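Worksheet: the structure to be examined is printed underneath.
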Amino acid sequence: MSQAHELTSSTQYEEINELLSKNKHYKEGFVTTTTVETFEKGLNEAVVRAISAKKNEPEWMLEFRLKAFAHWQKMAEPHWGKAKYTPIDYQDYSYYSAPECGACGGACSTESENAEEVIDPEVAKAFAALGVPIYDDQANIAVDAIFDSVSISTTKREELEKFGIIFCSFSEAVQDHPELVQQYLGTVVPYHDNYFAALNSAVASDGTFVYVPPGVRCPIDLSTYFRINEAKTGQFERTILVADKGSYVSYIEGCSAPIRDTYQLHAAVVEVIVHEDAEVKYSTVQNWYPGDDDCEGGILNFVTKRGICEGKNAKLSWTQAETGSAITWKYPSCILKGDNSIGEFYSVALTNRRQQADTGTKMIHIGKNTRSTIISKGLSAGKSDNTYRGMVKILPSAEGARNFTQCDSMLIGNQCGAHTFPYIEVENPTAQVEHEATTSRIGEDQLFYCQQRGISEQDAISMIVNGFCKEVFSELPLEFAQEAEELLAISLEGSVG
Amino acid sequence: MAKKFTPVMQSAMTHYAQLSDDLNKAESPYLTALRQSAKAQFLEQGFPTRRDEDWGYTKLTDFVQTHFRLQGISHLTQADILPFLPSFGATRIVLVDGWFSESLSDDLSALPKGVTIESFEDLQQVPESAVQLQAHQQDVAQEPFAVMNTMLLNDGVVIQIDKHAVLEMPLFVLHVQTQPNHLSNLRNRITVGEYADVTLVEAYVSLSDDLCALTNVVSEIDIASHARVKQVVLQQQNKQSYYFNNQFVYQAEHSGFNTLYAGLGCVTSRHQNHVYMNGEHIETIQNSACYATGAQTVDSRSYTEHNQEHGFSQQLHKYVLDGEAVGVFNGMIKVARAAQKTDGQMDNKNLLLSDSAQMDTKPQLEIYADDVKCSHGSATGQINKEQIFYLQARGIPRPQAVRMITEAFLLEPVEVVSHGAIREWVAQILSQTLRG
């Protein structure tokens, strides 16, 4: 009996690995062929100037870039994360790539009134295949679609303008709202913050700019879809989201890339500023190309996301479902400066094949009675490594601060790793800080119970995994939650034979 | 690229390297080579700074300003050490300033069958001891203070428990500091044979409250299969001193290791367990109870490596911090791919009694096997007001209520000590310290 049991469990793993080795699940892996303008590979001051010139940027923006570039050159690539990779050759990437539009040979800008005429049909097809609505139609969501280094289209803008909400690409914001960009750029993530933030500040391609005026509740979800298409290009988007006093906005971010056999670099910076009584809900479904079984190719995802709860009673909530990327290095953080402000972090990170994810959050409590919640669910399968790294810091001024952290890890298969590295620093006695972490696997008795009731093993696993992640998915906007669940099911497909 | 050091650091490094050279003047060919290779490593790395990941919370800036030396031998009488002797019966071994004292220790030639205790100094001329010293060199070389210890090797306790020897009587090792600016550099080796059973109590004390001394200990503990080692380490040195202890524990299958660290003294203290569970069905319990006040920094760490199946490890680390004290906990449970069916638990609970006390904690898990049950928990806060109210409602004055709750909180890790008299002895010392 016990021998038979051992046999099934060992063949079970063999089948898992066999199935996982086939790279058939990444549905977004197609390549779009179109005429593009791509800079020569390499990075130097001239390239930084060229990017700025290409975007016709004002002097202050160029200065910001050059300052960051000078600083970046003095920094060393960080390798403290629990991810092994060969040092990146930054000269082997192109730092600007944009589709040329056929109609006017690149002469027109995306500001054109009639979006349909300007969008490259191939690019439009790509977004259609990805299910991203880039035209103003019935979709109840406003979308900023970014293809390599430029924003292709931003929908629902007029509708949002009625409320005074600014929703446009970062490049446009630099042109149209320079005072706002200058006021907030680099305030939450300064250009010298870390290596990848400095790089981003120097060569920032495009991104999204959102400003919600005081007292406005944004009626629809705002969303950005990032697509990396060209081989050997880096994407360095810069997103700034400002919620003024008493406002509310829900922002969603999605991403994908074609299957390439080389590493592609993605180093984004997101800055969120939440004023008094405002609330921001920031959701991400990250599905960059994870690379194949032998760790060939994939996206290197080095992201700095940080938000500040500037005023009293501000609330910032990060929700993320991370299933892609060869390497993820990402810590969406909250600086809880205003009294009674709230920071939340809900995360599901799934790693498969040879993916390496080192992700978590930072909660910096400065104001009185600030509260933070961290719920992190890590799933490791294949030969991957999944790490939670988080920091909770209670400064002496944070009277009555409260934190609750829960990190659960699940291992699927015996070739993967799950790690938890929390840093907890408490400098105020009235603070109450709790941290819990567990590691387990899907119990055979759980599977048996389901199978006995006529549920196939595959469905049972999917059910258990979804149950494991429920706490986080329930925080995602409805359609998005469904997408995340499906993505999880696809990424796990075949993990049990 | 050579590391750059501040002048203060450089001068401290030169000082300790010179001490090492002085030791090599004595005829001990086996040790000279070992000291010299450690010296080379020490001079390259220097002392850790707050930039080092593992030393971010424990600062050594004051430490490097004092140059501790190896002073001569001071003579103590039985009366001097009497206050430090425990209430329970035990075989007594006394080290004064890190040197083994024959007159204060029990007669080591009349030990029960199966036990041999020698001073490390006596073993220096024995060729095998050099080989044994290098057995765990790789692990020892990972810790800066253990490297310094190797560089300055001179004395310590070597305990050997034979196969099947079960010691009814605990071994009590007393380390007394008597001289200011003195460096006690101790290298202990404890080898426990198959099916043997031993209880070891170590106490680190200072003779007076004024002297500032340094204790740097490395203990290598080898536990053979089915053997049991129960250990209590009580660190009660005065509040000027420095204490660094690295314990490297190697366990074979079906063995048990149970340790309690009670950290009370020193301006800066750091106690580290490195446990390697190299067999199946191993049980390891590591607890600590730390209390710090004033400007003290108390640091307790554990590194637990599960390398084989069916391992069980459990930890409870409790800190009570008052004044401007800093508490540091760092725990790591590492589960290797082969270590299926591991059950690992780590808990860290901290009580902050004052506004300026600070707690930095880092409970970590690194897991490569899927069929495991591992968890860690950490909580930091102040005394629950409702608990105080409950006691006050029953006629207990507030200060007393606070003390009762604090005491009960801090004594929980002590419960792991199975020897009743030892448990009471430690509990009493902890309670007395809390009461000031």
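The values are calculated or read from the model by the stated rules, or taken from the named source; none is laboratory data. The shown structure was predicted, so the numbers you read here are calculated from the model rather than taken from an experiment. Cβ placement follows ideal geometry from the backbone for every residue including glycine, while neighbour counts extend to all protein chains displayed.
Residue under question is A:Val280, and the condition is that it be under 14 Å from A:Ile308 (Cα atoms), modelled with pLDDT of 85 or more, β-branched (Val, Ile, Thr) and within 12 Å of the chain's Cα centre (by Cα); does it hold?
no
From the set of residues in the range B:367-411 that are closer than 18 Å to A:Pro429 by Cα and at the interface with chain A (Cβ under 10 Å from one of its Cβ atoms), which is modelled with the lowest pLDDT?
B:Asn384
From the list B:Gln78, B:Gln132, B:Gln138, exactly one residue is surrounded by fewer than 14 Cβ atoms within 10 Å (Cβ to Cβ), closer than 30 Å to B:Tyr303 by Cα and not acidic (Asp, Glu). Which is it?
B:Gln138
Considering B:Arg337, B:Arg398, which residue is free of Cβ contacts under 8 Å to residues at least 24 places away in the same chain and among the basic types (Lys, Arg)?
B:Arg398
Quick one: in the range B:305-321, of everything that is surrounded by fewer than 24 Cβ atoms within 10 Å (Cβ to Cβ) and in contact with a strand residue (DSSP E or B) (Cβ under 7 Å, 6 or more places away or on another chain), which residue is farthest from B:Tyr195 (Cα to Cα)?
The qualifying residue farthest from B:Tyr195 (Cα to Cα) is B:Lys318.
I'd like the full set of residues that are over 13 Å from the mean Cα position of the chain (by Cα) and either crowded, with 24+ Cβ neighbours inside 10 Å or closer than 18 Å to B:Asp54 by Cβ (or both), limited to the range B:245-265.
Within the range B:245-265, B:Gln251, B:Ser255, B:Phe257 qualify.
Within 13 Å of chain A (Cβ to nearest Cβ) and of a type in the set (A, V, I, L, M), is that true of B:Val417?
no
Say whether the condition of being outside any helix (DSSP H, G or I), surrounded by fewer than 14 Cβ atoms within 10 Å (Cβ to Cβ) and touching a residue at least 12 places away in the same chain (Cβ under 8 Å) is met by at least one residue in the range B:401-418.
Taking every residue of the range B:401-418 in turn, at least one turns out to be outside any helix (DSSP H, G or I), surrounded by fewer than 14 Cβ atoms within 10 Å (Cβ to Cβ) and touching a residue at least 12 places away in the same chain (Cβ under 8 Å).
Evaluate the range B:41-64: report whether one residue or more is surrounded by 14 or more Cβ atoms within 10 Å (Cβ to Cβ) and among the acidic types (Asp, Glu).
Checked against the condition, which is being surrounded by 14 or more Cβ atoms within 10 Å (Cβ to Cβ) and among the acidic types (Asp, Glu), the range B:41-64 yields at least one hit.
Got at least one residue in the range A:440-449 being surrounded by 17 or more Cβ atoms within 10 Å (Cβ to Cβ) and facing chain B (nearest Cβ under 7 Å)?
Yes, that holds for at least one residue.
Got a sec? Which helices (runs of 4 or more DSSP H) wholly within the range B:49-142 have at least 2 residues that are more than 27 Å from B:Ala165 (Cβ to Cβ) and assigned by TED's automatic domain parsing to the domain that holds B:Val158?
Hits in the range B:49-142: B:78-81, B:137-140.
Which of (1) more than 7 Å from chain B (Cβ to nearest Cβ); (2) under 23 Å from B:Glu324 (Cα atoms) does A:Ser380 not meet, given it meets every other one?
It is condition (2) that A:Ser380 fails.
Select from the range B:70-102 the residues that are farther than 25 Å from B:Trp425 by Cα and small (Gly, Ala, Ser) and write down the one among them that is modelled with the lowest pLDDT.
Top of the filtered list is B:Gly72.
What is the residue count in the range A:389-407 for residues that are out of contact with any His (no Cβ under 7 Å at 6 or more places or on another chain) and within 22 Å of A:Gly467 (Cα to Cα)?
Final tally of qualifying residues: 3.
B:Arg337 versus (1) more than 9 Å from chain A (Cβ to nearest Cβ); (2) surrounded by fewer than 20 Cβ atoms within 10 Å (Cβ to Cβ): which is the lone unmet condition?
(1)
Of the residues A:Ser347, A:Ser317, A:Ser325, which is assigned to a loop (DSSP other than H, G, I, E, B) and under 18 Å from the mean Cα position of the chain (by Cα)?
Sole residue among the options that is assigned to a loop (DSSP other than H, G, I, E, B) and under 18 Å from the mean Cα position of the chain (by Cα): A:Ser325.
Mind telling me which of the residues B:Thr268, B:Thr297, B:Thr259 ends up being free of Cβ contacts under 8 Å to residues at least 40 places away in the same chain and not charged (D, E, K, R)?
B:Thr259 is the lone residue from the list that is free of Cβ contacts under 8 Å to residues at least 40 places away in the same chain and not charged (D, E, K, R).
Could you please give the count of residues in the range B:351-366 that are farther than 14 Å from A:Ala398 by Cα, in contact with a strand residue (DSSP E or B) (Cβ under 6 Å, 6 or more places away or on another chain) and either facing another protein chain (nearest Cβ under 7 Å) or in a loop (DSSP other than H, G, I, E, B) (or both)?
Going through the range B:351-366 one residue at a time, the tally reaches 9.
Output the number of residues of the range B:180-228 satisfying the condition of being charged (D, E, K, R), modelled with pLDDT of 90 or more and more than 18 Å from the chain's Cα centre (by Cα).
The total comes to 3.
Can you tell me which residue among A:Tyr282, A:Tyr263, A:Tyr248, A:Tyr211 is of a type in the set (Phe, Trp, Tyr), free of Cβ contacts under 8 Å to residues at least 60 places away in the same chain, buried (at least 21 other Cβ atoms within 10 Å of the Cβ) and farther than 28 Å from A:Leu62 by Cα?
A:Tyr282 is the lone residue from the list that is of a type in the set (Phe, Trp, Tyr), free of Cβ contacts under 8 Å to residues at least 60 places away in the same chain, buried (at least 21 other Cβ atoms within 10 Å of the Cβ) and farther than 28 Å from A:Leu62 by Cα.
Could you list all residues from the range A:383-406 that are more than 9 Å from every other protein chain (Cβ to nearest Cβ) and of a type in the set (A, V, I, L, M, F, W, C)?
Those that are more than 9 Å from every other protein chain (Cβ to nearest Cβ) and of a type in the set (A, V, I, L, M, F, W, C): A:Met391, A:Val392, A:Leu395, A:Ala398, A:Ala401, A:Phe404.
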